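This report concerns only the one structure given below.
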Amino acid sequence: MHNTSTNPKPNFEQLPDWLTPEEARAFLRLGKSTLYEKLRSGEISSRRFGRQFRIAKEALRPVASYTIK
């Protein structure tokens, strides 16, 4: 049998400087719709590079403080 446990979540300092939405969702433990709602509302700031969104690690700090306990 193989181990089915999930990988431990990285701490904030281990995150890359720029994250994909998928990486941010995994770190914040948010659903896809919730994350994109926060991006659209400006609660989480992001940059677009062509058709791709990137989220600065520092933009997650305020959200992480109340979604991660």
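The values are calculated or read from the model by the stated rules, or taken from the named source; none is laboratory data. All of these numbers come straight from a predicted model, not from anything done at the bench. Positions of Cβ are generated from backbone atoms using ideal geometry, with glycine treated the same way; all protein chains shown enter the neighbour counts.
Figures for the structure shown
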read-out	value
Among residues of the stretch 21-46, those that are charged (D, E, K, R) and either under 16 Å from E58 (Cβ atoms) or in contact with a strand residue (DSSP E or B) (Cβ under 6 Å, 6 or more places away or on another chain) (or both), counted	3
Single unsatisfied condition, Y36 versus (1) assigned to a loop (DSSP other than H, G, I, E, B); (2) at pLDDT 90 or above	(1)
Residue list for the stretch 13-33, filter: in a loop (DSSP other than H, G, I, E, B) and either farther than 13 Å from A64 by Cα or acidic (D, E) (or both)	P16, D17, T20, G31
